[in-house]
DNA sequence: CTCGTCACG
DNA sequence: GACGTACGTGACGAGT
């Protein structure tokens, strides 16, 4: 018996979670202007609710309505089958904090808002539908989720809100091949890869519907499975009977969800204008607020003060270190955590024993919730001074690390609490090693980078000085420098606390400064889509590391040492004296003073240049000494930078090499790799390429390398709109040969390789902001000839000059350039005069091209984890236009297909390129084989 | 700590 | 007409 609901009544059930996801994906990542809170999904959600209310449905208007939400990820279905929904992709981190706000929005619209712990929205919808149907009323479920189709019939129908199409029994039959009452049987057999419902392998919806049609229902089918004629089908049904029954329990909606409210609470109510307007104003939805105000004839509350101008003026009090507290026990920590949960935002900084996130030990955590509200939680301090050898005695006044981390974890993983860091990838990795996956996150370094790449670097001390007028305590004041340097763990807790908590407060203040500047500077999308999501992706790659064959490298080192010793003897013999061939100074004096060779150019320091091209010219004239030195240098480089150095980077715990990528290191959006740099492993010479043989896959695995072909030239073709270039890329013809053919009027067939080489050099030169001088040097031709090539090139492809001129003009006018994807790169010095202007000009021309290529591979990397989540594969390395994976032998082809699809489609849907992106793939036991 | 050099894209 | 230049990085050894 249902109180207050029966014949003539009409209940609308809105699938709230589906609304949120649709809103999230349909809209760009909007943020609240005043504080940068992600708000796009809430905005879309509110617009949909408002539209829904305005529609009214005329004579078919509902008498009752409710919005139903999923409560939590874990439901009773996980008890039945632990893997249920296990392969769901992670929620986008800027979406989670919006969940509570969508509940608030629903209430503000005065619509019943329902969720129940342990049950999915679908179960609540099922229960309400069943009860309403039994009471003799009608139900419309506003959702397009096929899982709800089992409820259709007997007064219950669905409404697809996107298509505006009603879904009745006929539409269900069209989709599943059976009536609503047998939908669960079909779903149980077919399974569902999205929810990870196993079903019967090899049986899809079509076959399932046919079987159910033939046998009537699932139990009958399973009981009579022996009768099935097709041997494969028969076998799969018999073998998987239990799994199919479990699947049925997973897809069967629960019509007996406990509900703690009556139908009367669902009756339709007009929104309360005051409450609704208050909510919309707080969210800073101007258009919708005005619309709603107009509809109710109410006055729209004044919008909140335009933050930026005010914030500049309303200065925060100066940083005062004496306000900080040290958290020494559970009670104090609990209080801080409660405050953090309430504020929803915390700046965090971890202190460790070292700079290598893969080895450093956690020493303390500092937290800041606002100006003057910062604390330091010491966890791993030791009594430093006590004695030299027995050090490591734990300092007094610290709570146990395990307990502290246990208390921190829920807050650091709480979707409703934003964690702010300065270079937060570092802290993320430290905490990840303690089982904490911090989310959602913001990073002041990346905010600064999104706003001001190219203007300056983005280190904390620099940012604090520039934007807060504050000088941070230098770390050296605590730990000293050089020989006397101590570890952070040895620093006295009180001193450490001041330093650490200050860092957290500076971070909080920088966030407060930068966050509101994203939208007015139109870099919100760049930050949200190109910077912030890189943090967990890169952290995972760095933590995975790459396996190297240290023995192979050591053998190479020995061989190099022997060869070098031989060359050194030869060089000394040729010079007639002993000297260090590694010293440019000594070498220059030998070559140009002692031996009197020509071509000695002295730079500003007065030293002769002995760079490779100088030595190559001398060698070409027939001098042996410079030729030997070139050989010696190559070996010396390979040995010191690679074969000697790489084995020292092998992590003793993982046995692998873990690089670190800096996200905000390069001006253009490229990553930079350090400690060690794995983006400059040799490849151009045969000797060097052997070093790549030492980068190997684990046993049973392969390395797979995928790289973009000619990505920068393709971008140039698109942004400069060069028809000839675009057509060539679409037709897949040799782009350098095409260029040569256009320039010199020779056919592509049987082209002189020399001519092609020149065209290739020009194509690259264009990307770099070509000059006659540069091209002349690169091709070793007279400058006049080089200039003539460039002139011809611009004649044939006039769009390139137009692109270069307009880019430089933009840079001069705005002080920055942008990539296709909205990344902004500042161009300081573009308005200078004199020699420096040339460099700034070329950098401005190059930045949108190199930057767009960087954006594209970032987009691919961000999508990659989800795209390959079903494969036994890991993304390991990025080298600007190449991604390297480690994958189980049997899954190589699947990985290549999946990763290539992501990479080739990475520009979409933000930008539709006029040229295809092409990715080439290779695989092998080593990087040398894969590349 | 800066410079020259050279590895990569 | 001369200036100094291809764009973007990081690591190494030498020499201050």
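The single residue among A:619, A:627, A:544 that is touching a residue at least 60 places away in the same chain (Cβ under 8 Å) and outside the structural domain of residue A:440 (by TED's automatic domain parsing) turns out to be A:544.
Has the range A:817-825 got any residue that is within 21 Å of residue A:679 (Cβ to Cβ), more than 10 Å from DNA strand C (Cβ to nearest atom) and assigned to a loop (DSSP other than H, G, I, E, B)? Within the range A:817-825 (the criterion being within 21 Å of residue A:679 (Cβ to Cβ), more than 10 Å from DNA strand C (Cβ to nearest atom) and assigned to a loop (DSSP other than H, G, I, E, B)), the answer is yes, since at least one residue qualifies.
Step by step: first the residues of the range A:863-887, then only those that are assigned to a helix (DSSP H, G or I) and in contact with a helix residue (DSSP H, G or I) (Cβ under 6 Å, 6 or more places away or on another chain), then the one that is nearest to DNA strand C (Cβ to nearest atom). Which residue is that? Residue satisfying both the conditions and the ranking: A:864. If I ask for residues that are surrounded by 13 or more Cβ atoms within 10 Å (Cβ to Cβ), part of a loop (DSSP other than H, G, I, E, B) and within 15 Å of DNA strand C (Cβ to nearest atom), which ones from the range A:562-613 would you list? Listed by number, the residues that qualify are A:579, A:581, A:582, A:607, A:609, A:610.
Contact map, the range A:847-871: residues that are buried (at least 24 other Cβ atoms within 10 Å of the Cβ) paired with residues that are modelled with pLDDT under 95, Cβ distance under 6 Å, separation 6+ or inter-chain. Pairs shown: A:849/A:767. Only residues that are within 12 Å of DNA strand C (Cβ to nearest atom) and under 25 Å from residue A:532 (Cβ atoms) were counted in the range A:829-852, giving 5. Of the listed requirements (1) assigned to a helix (DSSP H, G or I); (2) in the same structural domain as residue A:767 (by TED's automatic domain parsing), residue A:833 misses just one: (1).
When the residues of the range A:653-688 are filtered to those that are under 29 Å from the mean Cα position of the chain (by Cα), under 18 Å from residue A:553 (Cα atoms) and free of Cβ contacts under 8 Å to residues at least 60 places away in the same chain, the one that is farthest from DNA strand C (Cβ to nearest atom) is A:682. Of the residues contained in the range A:598-617, one or more are found to be modelled with pLDDT under 95, farther than 30 Å from residue A:883 by Cα and away from DNA strand B (no atom under 13 Å from the Cβ).
Here A:715, A:696, A:691 are screened, and the one residue that is surrounded by 18 or more Cβ atoms within 10 Å (Cβ to Cβ), assigned by TED's automatic domain parsing to the domain that holds residue A:821 and either away from DNA strand C (no atom under 16 Å from the Cβ) or in contact (Cβ under 8 Å) with a residue 24 or more places away in the chain (or both) is A:715.
Per this entry, residue A:30 is not counted among residues that are out of contact with any helix residue (DSSP H, G or I) (no Cβ under 6 Å at 6 or more places or on another chain) and touching a residue at least 24 places away in the same chain (Cβ under 8 Å). Check whether at least one residue in the range A:830-843 is touching a strand residue (DSSP E or B) at 6+ places or on another chain (Cβ under 7 Å) and in contact (Cβ under 8 Å) with a residue 24 or more places away in the chain, and report yes or no. There is no residue in the range A:830-843 that is touching a strand residue (DSSP E or B) at 6+ places or on another chain (Cβ under 7 Å) and in contact (Cβ under 8 Å) with a residue 24 or more places away in the chain. A single entry from A:848, A:865 fulfils the requirement of being within 22 Å of residue A:715 (Cβ to Cβ) and either more than 16 Å from DNA strand B (Cβ to nearest atom) or in contact with a strand residue (DSSP E or B) (Cβ under 6 Å, 6 or more places away or on another chain) (or both): A:848. In this entry, residue A:568 passes the filter for residues that are touching a helix residue (DSSP H, G or I) at 6+ places or on another chain (Cβ under 9 Å), at pLDDT 90 or above, more than 10 Å from DNA strand B (Cβ to nearest atom) and closer than 13 Å to residue A:632 by Cβ.
Residue A:772 passes every criterion in (1) touching a helix residue (DSSP H, G or I) at 6+ places or on another chain (Cβ under 8 Å); (2) more than 8 Å from DNA strand C (Cβ to nearest atom) apart from (2). Taken as a whole, the condition of being assigned by TED's automatic domain parsing to the domain that holds residue A:582, more than 30 Å from residue A:872 (Cβ to Cβ) and touching a helix residue (DSSP H, G or I) at 6+ places or on another chain (Cβ under 7 Å) applies to residue A:638. For the range A:241-264, the criterion of being touching a strand residue (DSSP E or B) at 6+ places or on another chain (Cβ under 7 Å) and closer than 30 Å to residue A:39 by Cα is met by no residue.
Considered as a group, the residues in the range A:642-651 that are in contact (Cβ under 8 Å) with a residue 60 or more places away in the chain and surrounded by fewer than 18 Cβ atoms within 10 Å (Cβ to Cβ) include one that is farthest from DNA strand B (Cβ to nearest atom), and that residue is A:651.
Here the condition is being within 25 Å of residue A:511 (Cα to Cα), part of a loop (DSSP other than H, G, I, E, B) and within 30 Å of the chain's Cα centre (by Cα); of A:360, A:374, A:415, A:450, it holds for A:415 alone. For the range A:618-640, a residue qualifies if it is surrounded by fewer than 20 Cβ atoms within 10 Å (Cβ to Cβ) and either away from DNA strand B (no atom under 13 Å from the Cβ) or closer than 27 Å to residue A:858 by Cβ (or both), and the qualifying residues are A:620, A:621, A:622, A:623, A:624. Across the range A:750-769, the qualifying residues are those that are assigned to a loop (DSSP other than H, G, I, E, B) and in contact (Cβ under 8 Å) with a residue 12 or more places away in the chain, and the one among them that is nearest to DNA strand C (Cβ to nearest atom) is A:768. Please tell me if residue A:451 is at pLDDT 95 or above and closer than 26 Å to residue A:824 by Cα. Here the answer is yes, as residue A:451 does meet what is asked. Summed over the range A:189-214, the residues that are more than 36 Å from the chain's Cα centre (by Cα) and closer than 21 Å to residue A:153 by Cβ give a count of 5.
Exactly one residue out of A:730, A:780 is in the same structural domain as residue A:820 (by TED's automatic domain parsing), without any contact (Cβ under 8 Å) to a residue 12 or more places away in the chain and either under 22 Å from residue A:913 (Cβ atoms) or within 16 Å of DNA strand B (Cβ to nearest atom) (or both): that is A:780.
For the range A:653-694, residues that are out of contact with any strand residue (DSSP E or B) (no Cβ under 6 Å at 6 or more places or on another chain) and part of a helix (DSSP H, G or I) total 7.
Of everything listed in (1) part of a strand (DSSP E or B); (2) away from DNA strand B (no atom under 13 Å from the Cβ); (3) buried (at least 24 other Cβ atoms within 10 Å of the Cβ), the single unmet condition for residue A:921 is (3).
The values are calculated or read from the model by the stated rules, or taken from the named source; none is laboratory data. Keep in mind that what you see is a predicted model, and the values were worked out from it rather than measured. As a convention, Cβ positions derive from the backbone with ideal geometry for all residues, glycine included, and neighbour counts pool all protein chains shown.
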